[in-house]
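Have a look at the structure below before the remarks.
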Amino acid sequence: MTQKFQNNDEEILIRPMREEDYDRIRELWQTIGGFGIRSIDDSREDIERFIRRNPDTSVVAQTPEGKVIGSILCGNDGRQGSLYHVCVAKPYRRRGIGTRLVSFCMQALQAEKINKVTLIAFAHNDGGNAFWKQIGWNRRSDCNYYEFVLNTENITHFIEADPAV
Ligand SMILES: CC(C)(COP(=O)(O)OP(=O)(O)OC[C@H]1O[C@@H](n2cnc3c(N)ncnc32)[C@H](O)[C@@H]1OP(=O)(O)O)[C@@H](O)C(=O)NCCC(=O)NCCS
């Protein structure tokens, strides 16, 4: 599933996410304005647990120097796939990396006999919503999203957009 492609002068590697990627992924998330990072779900322990449960479906894009410049957490519950924290570092956007990362996840889910994949995009995320529309995803307007918080200690911290990045 690992792929390489030439991007400007750099060869970008797209490969499965591994537990040892945590620090570099976390560093990338800190640059993604608007991301909601959860104190428990996004901790090292829980991300490593997620990857152990879904060893082949999450993905990273990295530069030849080993810097992670894109990532997606992707898993399934045996029936449906889910994408979380889909992101590409700002200097690398609009070069097809996001599309390649999503394709990687969709193919990995298909290999596990999963027939549908979903994600949540905030309604105000114009760039994110334009991306999903452009790459052919269907926005459902005929259903409501429900949740029930099971652990109130799992606090969400929103990353502020850095105008310098
Ligand atoms: C959304 C995101 C992952 C897209 O990554 P990317 O590598 O730039 O995506 P691609 O280059 O593959 O984009 C494919 C197409 O989607 C559309 N698109 C992507 N970003 C867009 C934007 N900000 N505004 C409008 N259209 C956009 C374009 O049509 C683009 O093709 P083009 O560049 O040839 O016009 C990236 O912008 C990002 O990390 N955003 C912040 C985090 C985020 O919002 N994630 C999604 C949460 S639901």
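Values quoted throughout were computed directly from the atomic coordinates according to the rules given, and no laboratory measurement underlies them. Please read all numbers here as calculations on a predicted model, not as lab measurements. As a convention, Cβ positions derive from the backbone with ideal geometry for all residues, glycine included, and neighbour counts pool all protein chains shown.
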* Structure fact -> Mean Cβ-within-10 Å packing, highest first, puts peptides 84-97, 48-61, 138-151, 18-31 in the order 48-61, 84-97, 18-31, 138-151
* So what's the projected area for the chain, the Cα convex hull averaged over all directions, in nm²? -> 10.3
* In a shell of Cβ-Cβ distance under 15 Å around P64, excluding P64 itself, what net charge do Lys and Arg (+1) and Asp and Glu (-1) give? -> 0
* Asked: Can you list residues whose amide H is under 5 Å from N7's amide H, if they're 5+ apart or on another chain and H is modeled 1.01 Å from N?
  -> I12
* Which whole-Hz couplings ³J(HN,Hα) result when phi for each residue of the stretch 123-139 is put into the Karplus expression 6.51 cos²θ - 1.76 cosθ + 1.60, θ = phi - 60°, listed in order with x for Gly and Pro? -> 4, 7, 7, 4, x, x, 5, 5, 4, 4, 5, 4, 8, x, 7, 9, 8
* Under the rule of -39500 (n - 2.57) per DSSP H run of 4 or more residues, summed and divided by the residues of the chain, what mean residue ellipticity at 222 nm is obtained, to the nearest 500 deg cm²/dmol? -> -7500 deg cm²/dmol
* Structure fact -> Over the Cα atoms of the stretch 1-84 the radius of gyration and the largest Cα-Cα distance (Dmax), both in Å, equal 13.2, 40
